[in-house]
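Undergrad: There's a structure below that I have some questions on.
Read the figures in this text as sums done on the coordinates, not as results from a lab. Keep in mind that what you see is a predicted model, and the values were worked out from it rather than measured. Virtual Cβ from ideal backbone geometry, glycine too; neighbours counted across all protein chains shown.
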Amino acid sequence: MSVADYREDMQGCVRCSSCKWVPFNHMKSHRFSGNCPAISRFNFHSYSGSGRMNMGLSVLEGRSELSEKVSEVVYSCQMCGACDTACKSYREIIDITEVLLELRAECVESGQLMVEHMMTLDALKRENNMLGEPKAERGAWAAGLDLKDINKEKVDVMLHVGCRFSYDPELRGSIRRAVRLLREAGLDVGTAGAEESCCGGRAFELGYRGEARNFADDMAARVKASGARYLLTPCSDGFAAFNYLYPLMGIELEAEPVHMVQLLDILISDGKLTLENPLDMRVTYHDPCHLGRMSEPYLGGWKGDKRDRLRSQSRTGRFGIYEEPRRVLGAVPGLELVEMERIKEYSWCCGAGGGVYDAFPEFATWTARERLEEATTTGASAIVTACPWCERVFTDAVGENGFEIKILDVVDVVARAVGLEEEE
C-alpha cells in the first residue's frame, strides 16, 4: 500500500474536527474532552488527524512537498489511534491510522528522517532492541527463574518479554512476578533468553518497513520452532504488532497472540490463581493505546467503495482489550477501581508511542502529565496499566512533576493479592 491508495480517504475528510475530541456523547467535562495529544499541545490544525490527512493529499497532488517541517509534524504524533476512533464514531469510511502509517513510510522513502529515529534504528539493527542495550544481556532479567529455553526445547507458551521489560531495571520486578504467577498456575512457559529480538512494531510505525519485516520474519520463525500454541507478551506494543502489523505485512504466526492481562483473567476465572490477600487500595486503570484501540486484528485491505464496507469489516477501536484488565482488578478483594473520564476506546494516550518518546521527550512528558492529572481527580492512590512503555513515561512524569501517585502494572496488583513476596 502507499499514500496514493488512500486518496479517497484523504479527499473524504471534511475537516469537521471530530478527530480532535472525545465524541460529544462521551464527554464528561471540558477539561478532559480532548483526545489527540498533538492538537491539544500544539493547537494548530496540521497537528490533528485531519490536518495530516490534508497535508498528505497536498503532497500527493503536487501542491506541496515533504520537507523537514512537514516530517516534524508527521512524527509529532504518538500513533495512538484516537483520531481514527473518534472519526469512525461519525463516518466509518475513513482510515486515518493507515494514512498516517503511509505518510511515515513516505517520509522514510524520500529521506525526510528524524535524527533521533535514525539513532534508534541503528541501535535496533546493532543490538536487536529499541533501547540500544547489549543484546547479550537481553535475558538477564530472568536470572534464577530457571525458565525453559525455546531454542533448545518445545513449550506450550512462548513468552515474548519485549524490549522495555527486558532492560528497564525499574520494571524488571513486574516481569519476574509475572513468571512466578505463571509458575503458580502450572503453565509450561519458555523464552528465547538472550536470543529474543524486538518485535519490529515500532520500526514499522516509524516508517522503516524493511527493518520491521526482518524482525517480524525472525519472530515468525522463532514461534514456529518453539512449537508453542500461544505467544504470550506483557508488552502492549508487541501485542498490537502481532495482531495487526504482522498480518498487514502478510506474516502469519503459528501461535495465538495473548496479552498477559488476558491470561490472568482466564487463570483467575478458572481458579488457577487464587486472590486471597485483600488490598485496601483505590486505583484507576489506564487503557494502553496498543492494548486497546490499536490491538484490533487486521481485517484485510478493503477493495472498492468503502461506503459498501460493513461495520464488522472496519477497525473502529471499539473491540480492543478493555474488559479483561477490569475483571482482573475487580477480582482483587478490597480493591476499589475508580474510572477516569476518558477510558477504553476514548482513553488519552500515555505519550510514549509512535517514536515521540525518542524524538520529542518533552512532548511525551507533557502528554503523560495530562493523564496523571486526570488520574488524580479520581482520588486514586495508584494508576494501574498493562504496558511497560506507559509505566516508563508515567514514572518519568511523576518524578519530574511531583505527583503523589503510584505507577503499577496489573501483574503487580495480582501478585500482591496472590501473596507473592516482593523481590529485592
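Undergrad: Relative to the first principal axis of the alpha-carbon coordinates of the chain, what is the inclination of helix 361-376, with its axis defined by its Cα atoms, in degrees from 0 to 90 and to the nearest 10?
TA: Here the helix axis deviates by roughly 60 degrees.
Undergrad: In percent, how large is the relative contact order of the range 58-172, given Cα pairs closer than 8 Å and 6 or more residues apart?
TA: 17 percent
Undergrad: On to the next question. Once each part is reduced to its C-alpha centroid, what is the distance from the range 316-366 to the range 137-169 in angstrom?
TA: A separation of 25 Å, based on Cα centres.
Undergrad: Place the peptides 192-203, 75-86 in order of packing, highest mean first, counting for every residue the other Cβ atoms within 10 Å and averaging per peptide.
TA: Highest-to-lowest ranking by the protection proxy: 75-86, 192-203.
Undergrad: Which of the chymotrypsin sites (Phe, Trp or Tyr not before Pro) found in the range 1-58 are in a DSSP loop and have at most 16 neighbouring Cβ atoms, other than their own, within 10 Å?
TA: When the chymotrypsin sites (Phe, Trp or Tyr not before Pro) of the range 1-58 are filtered for loop state and at most 16 Cβ neighbours within 10 Å, Phe44 remain.
Undergrad: Right, next: For the chain, what relative contact order do you get, as a whole percent, if you take Cα pairs closer than 8 Å and at least 6 residues apart?
TA: 18 percent
Undergrad: Where both partners of a DSSP beta bridge lie in the range 115-260, what percent of those bridges are antiparallel, to the nearest 5?
TA: Roughly 0 percent of the DSSP beta bridges within the range 115-260 come out antiparallel.
Undergrad: Can you compute the charge dipole magnitude of the chain about its Cα centre, using +1 on each Lys and Arg Cβ and -1 on each Asp and Glu Cβ, nothing else charged? Give it in debye, rounded to the nearest 20.
TA: 1040 debye
Undergrad: I would also like to ask the following. Nearest 5 percent is fine: what portion of the DSSP beta bridges confined to the chain is antiparallel?
TA: Roughly 5 percent of the beta bridges in the chain run antiparallel, per DSSP.
Undergrad: Still on this structure: Between rounded, prolate and oblate, where does the range 115-260 land on the alpha carbon gyration tensor, with a ≥ b ≥ c its root eigenvalues, rounded for a/c under 1.5, else prolate if a/b exceeds b/c?
TA: Since a/c reaches 1.5 but b/c is at least a/b, the shape of the range 115-260 is classed as oblate.
Undergrad: Just to confirm the filter: which trypsin sites (Lys or Arg not before Pro) across the range 223-275 are DSSP coil and have at most 16 other Cβ within 10 angstrom of their Cβ?
TA: Sites meeting the loop and neighbour criteria: Arg229, Lys272.
Undergrad: Further question on the same structure: Ordered by residue, what ³J(HN,Hα) values in Hz, to whole numbers, does the range 99-113 give under the Karplus form 6.51 cos²θ - 1.76 cosθ + 1.60, where θ = phi - 60° and Gly and Pro are x?
TA: In residue order, the calculated couplings are 5, 5, 5, 5, 4, 5, 4, 5, 4, 5, 5, 8, x, 8, 10 Hz.
Undergrad: Counting other C-beta atoms within 10 Å, and keeping those with at most 14, which DSSP coil trypsin sites (Lys or Arg not before Pro) do you find in the range 1-64?
TA: Filter output for the range 1-64: Arg15, Lys28, Arg31, Arg63.
Undergrad: Tell me the mean residue ellipticity at 222 nm calculated for the chain from its helices only (DSSP H runs of n ≥ 4, each -39500 (n - 2.57), averaged over every residue, nearest 500).
TA: -12000 deg cm²/dmol
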